[in-house]
Structure formats: C-alpha cells, structure tokens
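Note sheet for the following structure.
Derivation of every value follows stated rules applied to the coordinates shown; laboratory data play no part. Predicted model only: the values in this text are computed from it and were never measured. Neighbour counts are summed over all protein chains in view; Cβ atoms, including those assigned to glycine, are modelled from backbone coordinates with ideal geometry.
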Amino acid sequence: MVLTPRLDLRQTQSLVMTPQLQQAIKLLQFSSLELAAYVDSQLEQNPLLERDDFADTPENGAESPAVEPAANAADGEPLFVDTAVDGSHTEDFLDLDFSDNLFDADHADGSFGSSDPLGAGGWQGRGGSFEDYDASTDDIGCGAISLRDHLAGQLAMEINDPIDRIIGANLIDMLDQAGYLIGDIGQVAEALGCGIDRVEAVLARVQEFEPTGVFARSLAECLRLQLDERGWIDDAMLKLLQNLEAVGRRDWSALMRLCGVGGEQLQKMVAQIRALNPKPALVFDYVVAQPMIPDVLMRQQPGGGWIVELNSETLPRVLVNNRYHAQVCRNISRREEKQYVNECLQSANWLVKSLHQRATTILKVATEIIRQQQDFFVSGVESLKPMVLRDIAEAIGMHESTVSRVTSNKFMATPRGIFELKYFFTHAIGGSAGGDAHSAESVRWRIKKMIDAELSNAILSDDSLAEALQKQGIDVARRTVAKYREAMRIPSSVQRRREKGAAL
C-alpha cells in the first residue's frame, strides 16, 4: 500500500447545531421565570427588540406598522378538546398533603430527618412548629429586620460588659438558619483569649433572648429552653427530652417506664412538646415563597369537554422595531455597522419565531396530555393511567426529547389543582390475571387511602396491603408496597400500631 497525498471529493450529511437552533431548544425547556429573565437580557442587548407594553396605545394616536408582534398564536382563540365528561368531578377535588415529617433526635446540629416521633401533623407553620405556629406579621415584619439584627439589639441592651458583648457577637455569627449554635464554643474562647467558662456564661445569658430556643446546641436543648420559659419543666419532662429517639419509635410503654408516668400524663407531655417551635429562627429569616404560576390553563366547557389555553401572563410579548431598523440603515455607511444591525434584526426575528414555536408546542403537548388522561380529571388520581414520553411524542409527531423539554418546569392549572406536566407521566404496574396496567401514582394513592382508613385493632402490614391490591387487580409485590409507603413517609405497621394503640 502506497501512502501518497491525493484529493478526494466526498458528499456527506450532518446535523449542525446552529446558534439559532440552540436558542430554540433552550427556550423550549425554560420555565416561565427563566424565560422572562432571558427575554429581559435580550431586550438589553438587542436595540431592535421592544416590549409591547404599550402596543394598544400607539404614540400620538397613530398606528405603528413597523412593529411586529411575537407569538400571535398564544393570544388566539382557546383550543377546545372534545372529551365527554359527566360533570361529577367538580364535587370531588383532589386533596394533597405536602406536610413534612418531624425531627430526628439524633441530629444535634439542628438538622432534621424523616421520622415522626409525635404522630401526624408534621412541621407546619412558618416557624417550623410541630402544629400551627402563629407567626404574626409583627414578628416577621416587612423583611426589614433579620434574626442577627434582632439578637444584636438585645445584646446591646442586656449585656454591658464589652468583652461579653464581643463573645455574644461571635456566638450570633455561629447561628444557622434555624437558630441553632453550630461549631465549638471552645474555638470562640481560644480566638478571643478568654476562658471557656466565661463563654458558657455568656451563652447562658443569650439563650434567654427572644425568640426562645435560639442558641441551642441540640434539639433537646431547644425544646428545654422553651419548656423552661413556660414553666413546664419537671423531672419527667427532662427524661422525655433525653429519650426523643424513643418518641420517634413511638415506644410509649418504654417512655412511660422511663418517665415514671401513666398514659394520660405522657399524652399531655407529648402535646406540650408539639406546641413548641423546633426552628425558632425561621420566624425572622423567613423567605416568602413565590406563587406557582401555571403555564397552561384548563377549565370545563359548559357544553362538555375542556377548554385549554396558554396563560398570557407567562408569555413575554416581544416586538421587532422595523422602523428603527430602517432609520438606522439609512444613517450608517460602514460595512461592519451594517453587518451588526442585520445580525440584530436576524436575532430579533428568530427570537419572535422561537417564542411562537415554544407557545405552540406547549399547547400541543398539554392538549394531548389532557386527551390521554381525561379520566384523571373526571374521577381523580385513582384513574390516572400509566403514560410515558413516547406515548405523547408518537401522538403529536414529535421526538421524545422535545416532549421532555416541554414538560420540564411547566405547570397546568386544572379543576383538581395545579400540577407539573411531568406529574402525568408514571410507569405502569401490571394488572393481575392479565388485567389492565395501573399507574404507579394511582397505586400509591390506593396504599395511602387504605392506611388512612385502617382501624387501631386492624393495622395493615405491607403483606396485607399487597394482598389487598392483588384483589383489586394490581400485581404488586410486598417490597414495592414498602418502597411506596416509605416514599410517602408513612411509618411501618409496627409504628402505626404503637401510635394508634396508645391513642396519641
């Protein structure tokens, strides 16, 4: 074989990801907030782009033919999906519980696990309390004061010694978001060149600050400070605080033996702990949750079927100022300047086209999801069908990756609540005796429903739940039931039996 240079002519095909194509793909997977931020950045960079805030009120009362709107399809007539419904779904809305579980007593640094030592209810309220902690607007204010500012003000009023104030300021800097003291106080003593006894004395004083429970080094100490302030501390309560892990296991018999109290007294003590705030600092460093704005709106049509439309509030409306482009082109002569202006015009037009394509694709995907999951909107989560991205992609003639990008971080407002589009995609669980497949989400809902309805003298084990589901035509194994139960943070049958048996 002779190695010599030569010239060959070959013809090949390849897919090139142009910047415009990359932009279109990027816009497709953006959430509404990310899209708004991206459009704002483009408005700053491209002089030919404008926002159509005043599109309905032309300047000087004249028409503006040089301005072209973006995404006209998003403002067109709503799309009608003809699906037969009986109208009964309006009386049975889906009720979802997103409450977190309680603490893990093994975490002395203020971190909290998944066990629920005090029964149902979870951490609710803005301060992270066991029940509905009433964090008033006076406590939270308007966000003008933080936890550290609040504690620094108390430090200046309560402690006069300058050295103790420096120690207190260092202790404030060691607080985490929940108000727990992280780190070793010995490091503070070493850094400031003072005795550890003096640091502990200052720590005891600052632990009296408001909100009660801050500067605690463990969950038990945080609860003890609050109980001491309310006058609820005694030997039995101290024993209970020392055995919070037994509370997490709902080992009531062992707790009654350790605390030396009866069932009614233990119930009262647990109720007192549940009235406390395990994260006292969150009342001040409170971040207001942004409301979830749906991208797709869905409502029932009076004559039957569904009306599906895009939410105009989440669609940024962008205009291309052709008049300004023509004016600039008349006043420039350099080739580089003309090339820059033409690139800006091309980029602006492509952004308009991409926004229109994004809106059309979202509406098309959401419509097909409603068609395939219409039983869910009529009967509830029990009727949710198993569905994968390929089912939607084949129905609308798109690629699975496109459907995946469309359904990411997109939400739809339905008569049963606001759901992410990804929620409707669940894998299938086979039916017993060759029956129809069931959605994994509907199986989880059935498990939760059976556990909520169980009696104190008839607690259902994972095996019993699997047998019950088999009778309902769902072929599911015991380990699958256990996995779904743990994912929903439902205690085991042993823990539920202890809880309901003690009537707590």
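Order these by the 10 Å Cβ neighbour count, fewest first: 273, 185, 392.
Least to most surrounded, the residues fall as 185, 273, 392.
Taking the Cα centre of the stretch 323-414 as origin and charging only Cβ (+1 Lys, Arg; -1 Asp, Glu), how large is the dipole, in debye to the nearest 20? Don't skip to the answer; put the middle values down first.
Values: 13 positive and 9 negative charges, 126 e Å.
With Lys and Arg at +1 and Asp and Glu at -1, about 600 debye.
If you put +1 on each Lys and Arg Cβ and -1 on each Asp and Glu Cβ, how big is the dipole of the stretch 428-501 around its Cα centre, in Debye rounded to 20?
Magnitude of the dipole: close to 300 debye.
State log₁₀ I(q)/I(0) for the stretch 428-501 at q = 0.13, 0.14, 0.17, 0.21 Å⁻¹ as given by the Debye formula over alpha-carbon point scatterers of equal weight, solvent excluded.
Reported log10 I(q)/I(0), two decimals: -0.35, -0.41, -0.59, -0.86.
Mean separation of Cα pairs under 8 Å and 6+ residues apart, divided by the residue count of the stretch 137-283: what relative contact order is that in percent?
With pairs under 8 Å counted, the relative contact order is 23 percent.
As a footprinting exposure proxy, order 352, 16 by other Cβ within 10 Å, with the fewest listed first.
Going from sparsest to densest Cβ surroundings: 16, 352.
Skipping prolines and chain starts, which residues have an amide H placed within reach, meaning under 5 Å, of the one on residue 51, given they are 5 or more residues away or on another chain?
319
Taking just the alpha carbons, could you work out the radius of gyration and Dmax for the stretch 144-287, both in angstroms?
Cα only, the stretch 144-287: 17.1, 51 Å (Rg, Dmax).
Suppose R0 equals 51 Å; then what is the FRET efficiency for residue 25 and residue 210 from their Cβ-Cβ distance, rounded to the nearest 0.05?
The calculated FRET efficiency here is 0.45.
Please report, for the Cα atoms of the stretch 287-446, the Rg to one decimal and the Dmax as a whole number; what are they, in angstrom?
Cα radius of gyration and Dmax of the stretch 287-446 are 21.8, 79 Å respectively.
Go ahead and collect, in residue order, the members of the stretch 371-387 whose backbone nitrogen is under 13 Å from a label point 7 Å along the Cα-Cβ direction of residue 488.
381-382, by backbone N distance to the label point.
Pairwise over distinct Cα atoms, reciprocal of the mean inverse distance: report the Kirkwood radius of the stretch 370-463 in Å, one decimal place.
Details: mean 1/r = 0.0665 Å⁻¹.
When all Cα pairs of the stretch 370-463 are included, the Kirkwood radius is 15.0 Å.
What is the fewest-to-most order of 182, 166 by other Cβ atoms lying within 10 Å of their Cβ?
Sorted ascending by nearby Cβ count, the order is 182, 166.
Note the full-extension length gain between residue 382 and residue 326 as 0.36 nm times their separation in residues minus their Cα-Cα distance, in nm to one decimal.
Between residue 382 and residue 326, full extension yields 14.2 nm more.
Could you give log10 I(q)/I(0) at q = 0.29 Å⁻¹ for the stretch 208-257, computed by the Debye formula over C-alpha point scatterers of equal weight, without solvent?
Log10 I(q)/I(0), no solvent term: -1.08.
Given R₀ = 56 Å, FRET efficiency for residue 6-residue 45 by Cβ-Cβ distance, to 0.05? Write out the running numbers ahead of the final one.
Values: r = 47 Å, r/R0 = 0.85.
Step by step, r from the Cβ atoms, then E = 0.75.
If the limit is 28 Å between Cα atoms, which of 422/483; 448/471; 422/448; 364/449; 338/364 go over it?
364/449; 338/364
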